[in-house]
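Peer 1: Sending over a structure as structure tokens; questions will come in a sec.
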Amino acid sequence: MKTKELIRLETAGLKITGDWLVRGVTFSVAKGEIVTLIGPNGSGKSTSAKMALGILQPTEGKAWQTSGLRVGYVPQNLAIDWTMPLTVKRLITLTHKMNADEIESALERTGVSHLKNEQVQNLSGGEFQRVLLARALALKPDLLVLDEPAQGVDFNGEAALYQLISQLRDELECGVLLISHDLHMVMAATDRVICLNGHMCCHGTPMSVVQNPVYKDLFGERAASTFAVYQHQHDHVHLPDGTVQHADGSITEHCHPDDGHHHEQEGDSYVG
Amino acid sequence: MLDDFFVRALVAGVGVALVAGPFGCLIVWKRMSYFGDTLAHSGLLGVTLAYLFQVNITLSVFTICAIVSICLLLMQRNRSLPTDALLGLLSHSALALGLVAIGFMTWLRVDINAVLFGDILSVSIEDISLIYLGGMGLLCVLLWIWKPIFAATVSAELSDAEGGNRQILDLIFMLLVSLVIAISMQLVGVLLITALLIIPAIAVRPFSTSPELMAVLASAAGFVSVVLGLSSSLYLDTPSGPSIVVAAFVFFILAHLVSASLKRQRSAS
């Protein structure tokens, strides 16, 4: 079965002032697929994503987008000057119109609806990241592009975030292009992994990539072995307001000592 | 009533201030104040050429500003020099070129002071109609592109990724700013135009909760500055252009003092 491709890079590379930032990148993202770009800092992950999105023009190779593609983008850096008065609500409707219900429900999904009328400069890093994600999902995109979406988000929030991304993929049937500096956390949610380090090192399913010697060279033996972490199941979720939701749907102030993956036993629960 | 030179100056000044408000906000948000300076300085060359070829000054200034802004856009895309160095280069070279050119044309009597610091008291009815008609047109175009250009200002990447047309918007905006400079040059002169654009905008920032409110308040602050500046220049016999800028500066300080004390009250209660 051939699924519908949304974006594609073909042996794309970008040269700025004489240096290649990245070269020979080939990948595509199809509808309903989660593709993760991983690699160390400066390996060309963001650059590749920007070429695929048309923000940067590749110096060599080709970037292709299906026509009329609706993109929801969470950039890696977004600094908003104090001089710019901007509420969360206004930031969400920045590029497309939407009604109050759509804004509200998007903010609720990422747990920050109480910040709706706040000025963006007053948000913490984690809150801002959640608002950006809400903005991207509120657009109901065909393609969701998330550049290090978990930065500033706490550990439990991070797990919830990747869960949300999988849910969104199922719900909106969108493609997802995820960028991460390591496979930590993203593994379970990913269909395909592209490993970059100035060029394409390896690609394939998460399982095949971690077993690839090139990946082990790049991230070390430890990274490959910690893959076990992502296969365990959480039986409770920490909500943004500090309460805890359990597998049976009940909500309590704190998690119980016998819950799976309790904080004080983090070392043990790694076994999964 | 318009016979009186002071009333004409006031009407012209208010017109320019109203137009400058929203443009000033965008220039501040885009961190382009130095860019505004560069365009304004190159306006001097425009004035010289207007005298030399006997053409309309506004038109000539606009043409030169537009050429400089297109050059800047192209050079920025090249990324060979950092933007601030590039602006420093162009800004002062343009100013110096203009002054040298005036110096060469010994047969012309150009009032350099008026070009540098403005000569608002000599505005004619034609100037006023140009300011109001042109200003209205400028604001209409700005209103038309406001949403997408604001989005591109918040984040170029977001706007690019989500289907914005930033390069065309940037070009339109720079041409609009060139026009704003061309019609306001007579008011405050090439050296002080940027001040009239950005000071009212940053003065009202603490009271603005949305970009649109800030744009409107900036126009209002510009209005107040022009009225106070011109009146004080009449009574104190000070140069009018600089007086307007000083009034705007005083307004800025007062606004920020008020905002700080309001904040203190709110946190105390």
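Peer 1: Just a yes or no: is a residue in the range A:86-94 surrounded by 16 or more Cβ atoms within 10 Å (Cβ to Cβ), within 14 Å of chain B (Cβ to nearest Cβ) and among the charged types (D, E, K, R)?
Peer 2: Yes, the range A:86-94 has at least one match.
Peer 1: Which one is surrounded by the fewest Cβ atoms within 10 Å (Cβ to Cβ), of the residues in the range A:1-47 that are out of contact with any Ser or Thr (no Cβ under 7 Å at 6 or more places or on another chain) and basic (K, R)?
Peer 2: So, considering only residues that are out of contact with any Ser or Thr (no Cβ under 7 Å at 6 or more places or on another chain) and basic (K, R), the one surrounded by the fewest Cβ atoms within 10 Å (Cβ to Cβ) is A:K2.
Peer 1: Considering A:F128, A:F155, which residue is within 23 Å of B:E212 (Cα to Cα), under 16 Å from the mean Cα position of the chain (by Cα) and either aromatic (F, W, Y) or surrounded by fewer than 21 Cβ atoms within 10 Å (Cβ to Cβ) (or both)?
Peer 2: Just one listed residue meets the conditions, A:F128.
Peer 1: Next question. Just checking, how many residues over the range B:133-154 are surrounded by 18 or more Cβ atoms within 10 Å (Cβ to Cβ) and either within 14 Å of chain A (Cβ to nearest Cβ) or among the aromatic types (F, W, Y) (or both)?
Peer 2: Count: 7.
To keep it simple, each residue is scored yes or no on (1) within 14 Å of chain B (Cβ to nearest Cβ); (2) among the aliphatic types (A, V, I, L, M); (3) free of Cβ contacts under 8 Å to residues at least 60 places away in the same chain.
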site	(1), (2), (3)
A:F128	yes, no, yes
A:R135	yes, no, no
A:L146	yes, yes, no
A:Q151	no, no, no
A:L161	no, yes, yes
A:I165	no, yes, no
A:R169	no, no, no
A:S180	no, no, no
A:D191	no, no, no
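Peer 1: How many residues does the range A:126-165 contain that are farther than 16 Å from A:A106 by Cβ, in contact with a helix residue (DSSP H, G or I) (Cβ under 7 Å, 6 or more places away or on another chain) and at pLDDT below 90?
Peer 2: 8
Peer 1: Follow-up question, since we're still on this one. Among the residues that make up the range A:193-201, is at least one of them assigned by TED's automatic domain parsing to the domain that holds A:Q163, at pLDDT below 80, surrounded by 17 or more Cβ atoms within 10 Å (Cβ to Cβ) and not acidic (D, E)?
Peer 2: No, the conditions are met nowhere in the range A:193-201.
Peer 1: Suppose we filter B:L234, B:L171 for residues that are over 16 Å from B:G13 (Cα atoms) and either over 22 Å from the mean Cα position of the chain (by Cα) or surrounded by fewer than 17 Cβ atoms within 10 Å (Cβ to Cβ) (or both); which single one remains?
Peer 2: B:L171
Peer 1: Checking B:L26 against (1) over 23 Å from B:L230 (Cα atoms); (2) among the aliphatic types (A, V, I, L, M); (3) away from every other protein chain (no Cβ under 14 Å); (4) assigned to a helix (DSSP H, G or I), only one condition comes out false. Which one?
Peer 2: Among (1) over 23 Å from B:L230 (Cα atoms); (2) among the aliphatic types (A, V, I, L, M); (3) away from every other protein chain (no Cβ under 14 Å); (4) assigned to a helix (DSSP H, G or I), the lone unmet condition for B:L26 is (3).
Peer 1: Could you identify the single residue in B:S225, B:S208, B:S184, B:S219 that is without any contact (Cβ under 8 Å) to a residue 24 or more places away in the chain, surrounded by 19 or more Cβ atoms within 10 Å (Cβ to Cβ) and closer than 20 Å to B:L139 by Cβ?
Peer 2: B:S208
Peer 1: For the range B:174-229: of the residues being within 14 Å of another protein chain (Cβ to nearest Cβ) and either polar (S, T, N, Q) or under 23 Å from B:I67 (Cα atoms) (or both), which is farthest from the chain's Cα centre (by Cα)?
Peer 2: This residue is B:T209.
Peer 1: Answer yes if at least one residue in the range A:166-174 is crowded, with 23+ Cβ neighbours inside 10 Å, modelled with pLDDT of 90 or more, in the same structural domain as A:K45 (by TED's automatic domain parsing) and touching a helix residue (DSSP H, G or I) at 6+ places or on another chain (Cβ under 8 Å), and no otherwise.
Peer 2: Taking every residue of the range A:166-174 in turn, at least one turns out to be crowded, with 23+ Cβ neighbours inside 10 Å, modelled with pLDDT of 90 or more, in the same structural domain as A:K45 (by TED's automatic domain parsing) and touching a helix residue (DSSP H, G or I) at 6+ places or on another chain (Cβ under 8 Å).
Here is a yes/no grid of residues against (1) assigned to a strand (DSSP E or B); (2) outside the structural domain of A:L146 (by TED's automatic domain parsing); (3) at pLDDT below 90; (4) among the hydroxyl-bearing types (S, T, Y):
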residue: A:T3; (1), (2), (3), (4): no, no, yes, yes
residue: A:E10; (1), (2), (3), (4): yes, no, no, no
residue: A:K15; (1), (2), (3), (4): yes, no, yes, no
residue: A:F27; (1), (2), (3), (4): yes, no, no, no
residue: A:L37; (1), (2), (3), (4): yes, no, no, no
residue: A:N41; (1), (2), (3), (4): no, no, yes, no
residue: A:S48; (1), (2), (3), (4): no, no, no, yes
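Peer 1: Select from the range B:108-119 the residues that are outside any helix (DSSP H, G or I) and either within 14 Å of chain A (Cβ to nearest Cβ) or over 18 Å from the mean Cα position of the chain (by Cα) (or both) and list them in ascending order.
Peer 2: B:L108, B:R109, B:V110, B:D111
Peer 1: Restricting attention to the range A:158-170, which residues are within 11 Å of the chain's Cα centre (by Cα) and closer than 19 Å to A:I92 by Cα?
Peer 2: A:L161, A:L164, A:I165
Peer 1: Is it the case that the range A:57-65 has a residue that's more than 12 Å from chain B (Cβ to nearest Cβ) and either assigned to a loop (DSSP other than H, G, I, E, B) or touching a His at 6+ places or on another chain (Cβ under 6 Å) (or both)?
Peer 2: Yes: the range A:57-65 contains one or more residues that are more than 12 Å from chain B (Cβ to nearest Cβ) and either assigned to a loop (DSSP other than H, G, I, E, B) or touching a His at 6+ places or on another chain (Cβ under 6 Å) (or both).
Peer 1: Looking at the range A:6-19, is at least one residue of a type in the set (A, V, I, L, M, F, W, C), more than 14 Å from chain B (Cβ to nearest Cβ) and under 24 Å from A:L218 (Cα atoms)?
Peer 2: Yes, because at least one residue in the range A:6-19 is of a type in the set (A, V, I, L, M, F, W, C), more than 14 Å from chain B (Cβ to nearest Cβ) and under 24 Å from A:L218 (Cα atoms).
Conditions (1) farther than 19 Å from B:T58 by Cβ; (2) not in a helix (DSSP H, G or I), marked per residue:
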position: B:T106; (1), (2): yes, yes
position: B:L121; (1), (2): no, no
position: B:L130; (1), (2): no, no
position: B:G135; (1), (2): no, no
position: B:L139; (1), (2): no, no
position: B:W146; (1), (2): yes, no
position: B:A151; (1), (2): yes, no
position: B:E157; (1), (2): yes, no
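The values are calculated or read from the model by the stated rules, or taken from the named source; none is laboratory data. From a predicted model like this one, the values you see are computed outputs, not experimental measurements. Backbone-built Cβ (ideal geometry, glycine too); neighbour counts: all protein chains shown.
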